[in-house]
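Right, one structure below, let's go through it.
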Amino acid sequence: MAEGKPDERTNPASTKSNPSDAPDAELERHHMIPVWFFVGMLLLVYGILIFIEGIREWSHPPHTVLANLHPPVWWGILLVIMGLVFTLKHFPKKNR
Amino acid sequence: MSFGAQLLGGHPAIVLAAGLTSKIISLRPVDLAIITLYFISVLGIGFYLKKYAGTGEDFFVAGRKMTAWVAGLAFISANLGSLELLGWAGNAYQYGILAAHWYWVGAIPAMLFLAIVMIPFYYICRTHSVPGYLELRYGHATSGLSAITFAVMTILMSGVNMYAMAVVMQVILGWNIHFSIWVSSLTVGIYVALGGLYSAIFNEVIQFFLIWLGALLIPILGMIETHGWAGMVARIQHNFPGQNYTHMWGPMVHAADNPMGVQWVAIVFGLGAVLSMGYWTTDFLVVQRVIAAKDIRAAKTAPIIGAFFKMAVPLIVILPGLLGRAVLPFHLYPENLAKPGQHTYDQVLPLMLARYCGPGLLGLGITALIAGFMSGMAGNISAFATVWTYDLYRPFIKKDATDRHYVAMGRWCTMIGLLVSIAAAYIVTHFGSLMDYVQALFGFFIAPLFGTVILGMLWKRATKQAGFWGLLAGISSSVAIFTLMHNSPTRVAWFTFYAKAQPLAQDMWQALWSFVVVVVVTVAVSLATEPRPVGELRGLVMGLTEVPSEGHLPWVRRPVFWAGVCFAVFLVLQWIFR
């Protein structure tokens, strides 16, 4: 094969596959949970944890600058909202 | 390895270690819960993705199924490492907004150039890597040279960064250095070995959100505290009278007018036209993410999405450094001048984090740093696995194996590469001075490789022999210039035209000269050797390649439109902060 052409040596798509693997892999790929769902779940849990911590320390804020603004509460809410949006929008479908 | 961390004059971890005797941050149970949850999540994702990474196409290029957004965020995340964040925030404290050049002129034009000009060639020839493209364009010798240097440097850099991050964790949090190295690296090894590039990309997207959400509170609260940009500038001028930290181009007319010792020529041509082009268009670590895109429009759009976010990164890196100048009640010092109990430049980000963030938010910020580190390592390891398997093992060791065999090789060399990285980390632990040299080594290949690739793409007359000898001459000249400047500071002016040019400025000139050497040698050898038949170059060279149509898309959905918008915003930013 001419060196200048995309060929088997450099194109992983053209390597020898086990035929029995391909359909299953292809089938599974179509049902892969999107990364956005994982992002949403993580943000949701983090948001809840941070929000609860913000509420818990509401009357006794830590010794940080601008603690009187209660940043964990607002940031926790932001994370929860973002997490909910991503999670619900990309929730894995039950039907294959 | 991130572009910024390569270019840092001093290594953040070493710098951090220099001026501190006790940890900066104490974590509460909620912080530890957040960090633990992150580790569980990335491992869980790795196990989940294993079943999707059964073929070479899946394991090494994520099935080429990534959307523009996923590829774009992974593309930018692969560059957004923790050491980069810490180091550039420190540089912002030290040099002011000049440090933003590395995020704007040092990134945006190159990323847009990659998207519009170079991606079609990478994508059409269906290569899996940059050395893979070189094989098609120049043959085995050039590809092998590129692959060997990339594989060795990637794995060494991964080890150096591993050690550096472990030291950072020790200094900031008081964590045991061995604990940090083994827990983080084994976690990365497991999830990359399981899910291949799928795992790496998924976790890079998650890391993208964690970094932004973990760090964004610092500039927000900092702006509230200083009553906006004008208030911050007033405070800086009050704290450091007579010094200019908030203008990017004004002090660039003469090298002596700015603390970097660099003039605009080096910034525009050395950084913008060569160094950043080399990194963003030929470093396989980042290009691999774009190659995984599902179609050519997604592949072209991904770097443009990345460019928009890259333009915004100074918000969470440069601005905290400037805010440190404005609000911290004490001064920070260079690592070589800091005394016990004093803080160094590179500690500015954790100091600002501790200033504004209490329990919970602190855990999120630290998780962002850990995620950045692990993501960078995953990028290195997955790129290494691909280059080793497809550019070295297959062409030179075992040509005719099954796809299953190559996937198994990819998994094994992921773990072996990781162990070599750990070994490199421990070697650096005992021979700290090696770190600077290893970092420099990586920089030797960036600019010459760009010269070789871009000539191959744009000039059909470039020959196989010219590709090899041009690349070799460029790397050799880069090593020679570095050695000459490093061993005798009096020679710095030979190459930089300014005797007091700082390491960052030296890097830019070194890149510029080595690029010139590549171009001269490649052109000369090409003219003296037999050209390749035009038929062999179709799909590889501009003018001989038919770029597939993006379809009848409205102009607002065309990549070139958004590239234009991005470049316009970039120009506006230069004007605002001139």
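The values are calculated or read from the model by the stated rules, or taken from the named source; none is laboratory data. This is a predicted model, so every value here is computed, not measured. All Cβ positions, glycine included, derive from the backbone under ideal geometry; neighbour counts span all protein chains shown. The protein model used for the area step is the full one, side chains on, heavy atoms only, and it has no ligands, DNA or RNA in it. Shrake-Rupley method; radii C 1.70, N 1.55, O 1.52, S 1.80 Å.
Restricting attention to region B:208-237, the residues being hydrophobic (A, V, I, L, M, F, W, C), surrounded by 19 or more Cβ atoms within 10 Å (Cβ to Cβ) and away from chain A (no Cβ under 11 Å) number 4.
Do we have B:Thr529 as among the polar types (S, T, N, Q), open to solvent by 30 Å² or more (accessible area, probe 1.4 Å) and either touching a residue at least 40 places away in the same chain (Cβ under 8 Å) or out of contact with any Lys or Arg (no Cβ under 8 Å at 6 or more places or on another chain) (or both) here? In short, yes.
Listed by first and then second residue, the pairs with beta-carbon distance under 7 Å, at least 6 apart or on different chains, first residue in region B:313-328 and among the charged types (D, E, K, R), second assigned to a helix (DSSP H, G or I) and open to solvent by less than 10 Å² (accessible area, probe 1.4 Å), are B:Arg325/B:Tyr93; B:Arg325/B:Ile236. Residues in region B:393-403 that are in contact (Cβ under 8 Å) with a residue 24 or more places away in the chain and either open to solvent by 20 Å² or more (accessible area, probe 1.4 Å) or within 20 Å of the chain's Cα centre (by Cα) (or both): B:Phe396 only. B:Phe240: aromatic (Phe, Trp, Tyr), open to solvent by 10 Å² or more (accessible area, probe 1.4 Å) and under 27 Å from B:Arg289 (Cβ atoms), yes or no? Taking the combined requirement at face value, the residue does not satisfy it. Can you find a residue that is hydrophobic (A, V, I, L, M, F, W, C) and either surrounded by 17 or more Cβ atoms within 10 Å (Cβ to Cβ) or in contact with a helix residue (DSSP H, G or I) (Cβ under 9 Å, 6 or more places away or on another chain) (or both) anywhere in region B:547-554? Yes, region B:547-554 has at least one match.
For the structure I just gave you, tell me whether B:Val572 is open to solvent by 70 Å² or more (accessible area, probe 1.4 Å), under 30 Å from B:Pro259 (Cα atoms) and outside any loop (DSSP other than H, G, I, E, B). In short, yes. Cβ separations smaller than 9 Å between residues 6+ apart or across chains give the following pairs from region B:120-131 residues that are touching a residue at least 40 places away in the same chain (Cβ under 8 Å) to residues that are among the charged types (D, E, K, R) and surrounded by fewer than 22 Cβ atoms within 10 Å (Cβ to Cβ): B:Tyr123/B:Asp295; B:Ile124/B:Glu546; B:Cys125/A:Lys5.
For region B:46-62, the candidate set comprises residues that are farther than 12 Å from B:Val407 by Cβ and open to solvent by 10 Å² or more (accessible area, probe 1.4 Å); within that set, the residue that is farthest from the other protein chains (Cβ to nearest Cβ) is B:Phe47. Answer yes or no: is there a residue in region A:73-92 that is surrounded by fewer than 18 Cβ atoms within 10 Å (Cβ to Cβ) and among the hydroxyl-bearing types (Ser, Thr, Tyr). No, because not a single residue in region A:73-92 is surrounded by fewer than 18 Cβ atoms within 10 Å (Cβ to Cβ) and among the hydroxyl-bearing types (Ser, Thr, Tyr).
Per-residue answers, yes or no, for (1) touching a His at 6+ places or on another chain (Cβ under 6 Å); (2) among the β-branched types (Val, Ile, Thr); (3) open to solvent by 30 Å² or more (accessible area, probe 1.4 Å):
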residue: B:His178; (1), (2), (3): no, no, yes
residue: B:Val183; (1), (2), (3): no, yes, yes
residue: B:Gly196; (1), (2), (3): no, no, no
residue: B:Ile206; (1), (2), (3): no, yes, no
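Of the residues making up region B:86-112, those that are out of contact with any Ser or Thr (no Cβ under 9 Å at 6 or more places or on another chain), open to solvent by 10 Å² or more (accessible area, probe 1.4 Å) and either polar (S, T, N, Q) or assigned to a helix (DSSP H, G or I) (or both) number 4. Does B:Gly321 satisfy being small (Gly, Ala, Ser), under 23 Å from the mean Cα position of the chain (by Cα) and open to solvent by less than 20 Å² (accessible area, probe 1.4 Å)? Yes, satisfied. Looking across region B:259-292, the residues that are open to solvent by 10 Å² or more (accessible area, probe 1.4 Å) and not hydrophobic (A, V, I, L, M, F, W, C) come down to B:Pro259, B:Gln263.
What number of residues in region B:343-353 are within 14 Å of chain A (Cβ to nearest Cβ) and under 18 Å from B:Leu210 (Cβ atoms)? Here the count works out to 3. Evaluated against (1) closer than 12 Å to B:Pro395 by Cβ; (2) away from chain A (no Cβ under 14 Å), B:Thr154 falls short on exactly one condition, (1). Cβ-Cβ contacts under 9 Å between residues 6 or more apart (or on different chains), taken from a first residue in region A:41-64 that is facing chain B (nearest Cβ under 8 Å) and crowded, with 18+ Cβ neighbours inside 10 Å to a second residue that is of a type in the set (D, E, K, R) and not in a helix (DSSP H, G or I), are listed as A:Glu53/B:Arg28.
Quick check: is even one residue across region B:178-186 farther than 30 Å from B:Gly539 by Cα, within 14 Å of another protein chain (Cβ to nearest Cβ) and among the hydroxyl-bearing types (Ser, Thr, Tyr)? No, region B:178-186 contains no residue that is farther than 30 Å from B:Gly539 by Cα, within 14 Å of another protein chain (Cβ to nearest Cβ) and among the hydroxyl-bearing types (Ser, Thr, Tyr). Has region B:345-362 got at least one residue that is open to solvent by 10 Å² or more (accessible area, probe 1.4 Å), within 20 Å of the chain's Cα centre (by Cα) and acidic (Asp, Glu)? Yes. For region B:532-547, a tally of residues being touching a residue at least 24 places away in the same chain (Cβ under 8 Å) and in a helix (DSSP H, G or I) returns 2.
Of the residues making up region B:371-392, those that are open to solvent by 10 Å² or more (accessible area, probe 1.4 Å) and over 13 Å from B:Ala200 (Cα atoms) are B:Trp388, B:Leu392.
Residues in region B:127-153 that are surrounded by fewer than 24 Cβ atoms within 10 Å (Cβ to Cβ) and of a type in the set (S, T, N, Q): B:Thr149 only.
The residue that is surrounded by the most Cβ atoms within 10 Å (Cβ to Cβ), counting only those in region B:324-342 that are away from chain A (no Cβ under 11 Å) and under 21 Å from B:Gln237 (Cα atoms), is B:Gly324.
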